[in-house]
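*Asks:* To start, I am sharing the structure in question, which I have written as structure tokens.
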Amino acid sequence: MKIKEVCRRTGLTERTIRYYEEQGLFTPGRSAQNGRISHNYSEEDLNALRAAAILRKSGFTIAEIKRMKRCPEEIPKLVQDCIARLHLRGEEELRNMEALSSLGAADLKGAESLAVALENRTRSLPLPQTDLALNFGRFDPETDAEKREEIRAYQKREEHRRRNGKRVVYTIGISSVALAFFNLILNILLSNSAYGIVMFVLTSVFAAALMCGVKWVYWCYIASSALSVLQSFFSLLRPEFDAALFLSSLTGLAINLAVVLILLKSRSVKAFFEEKRG
């Protein structure tokens, strides 16, 4: 795959990928096309890049990561060295130190297994500025000011994505509460207020949990919406035709299918939950 695809799948910039390659953290395949050498990135390269980024966020130096790859048996010592270094930096690094201190022996067998163990905690952390703002003048003609501006633009895009994710999640949560309130009024009119009240309270609690970033509630919403899609689909297949029922089922199918796709596919929603989890 090409570097643009690698950037999209890893969330890293081209400069950071080039830097990690230059430092020997991974070595992509190369091929000659029309007299030019092009890079071909593999899934293994993507895993190496993700691992490098996670370990850098966790406080390890480039030299330590390279050492891990050459000598996996030294990883326990490198982890202890990192803990000692983070301890000296003060309270701002306390979270990194606690995460490293909680690692088990199974997490210390290789650089990538160590990265997997640290992945969840580092999702919302930035890469060190040295990985983002290096002098890549030999790669492109941009000035230092232009590079700093690009870094700011990248950070602004990430913040914008998280805000958009928050808007989407809040819209879904508030809409579900509004629908539950509408059903509550209907149930009161139909003399079935107890059921309506219970459903309204449960929906409100789940919506609040969703907006707070509770991940299992996120999966409950996906499952519930998927079941509603199936229910609406089978309603459309009924042999007897009722215009009102057909329109209601079609609307329900479209709305719930949209909710499932948004929750599963939206990068903004994922960024929102990653920030909450981090």
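*Asks:* Given the Cα-Cα distance of residue 181 and residue 220 and 0.36 nm per residue of separation, how much length would full extension add, in nm? Mind showing how you got there, number by number?
*Replies:* Details: separation 39, 0.36 × 39 = 14.04 nm, distance 1.98 nm.
Stretched fully, the residue 181-residue 220 segment lengthens by 12.1 nm.
*Asks:* Hey, rough spin-label estimate for residue 80 and residue 101, points 7 angstrom out along Cα→Cβ, what's it come to in nanometres?
*Replies:* The two pseudo-label positions are separated by 1.5 nm.
*Asks:* Looking at this model, which pairs from 2/265; 4/156; 2/270; 4/69; 66/215 are more than 30 angstrom apart at the alpha-carbon? Kindly include the intermediate steps, with their values, before the conclusion.
*Replies:* On the way: 2/265 22 Å; 4/156 20 Å; 2/270 24 Å; 4/69 26 Å; 66/215 34 Å.
Beyond 30 Å between Cα atoms: 66/215.
*Asks:* What nm value, rounded to one decimal, do you get for the distance between residue 208 and residue 5 when each label is placed 7 Å out toward the C-beta?
*Replies:* Once both label points are built, they end up 4.7 nm from each other.
*Asks:* Taking the Cβ-Cβ separation of residue 120 and residue 66 as r and a Förster radius of 22 Å, what is the calculated FRET efficiency to the nearest 0.05? Display every interim value, and only then the final one.
*Replies:* Details: r = 24 Å, r/R0 = 1.11.
The calculated FRET efficiency here is 0.35.
*Asks:* In whole Å, what are the Cα extents of region 1-66 along the three principal axes, biggest one first?
*Replies:* 42, 22, 19
Coordinate-derived values only; no laboratory data. Note that the structure is a prediction, hence the values are computed from the model and not measured. Don't worry about glycine lacking a Cβ; one is built from the backbone with ideal geometry, like all the others, and counts go over all protein chains shown.
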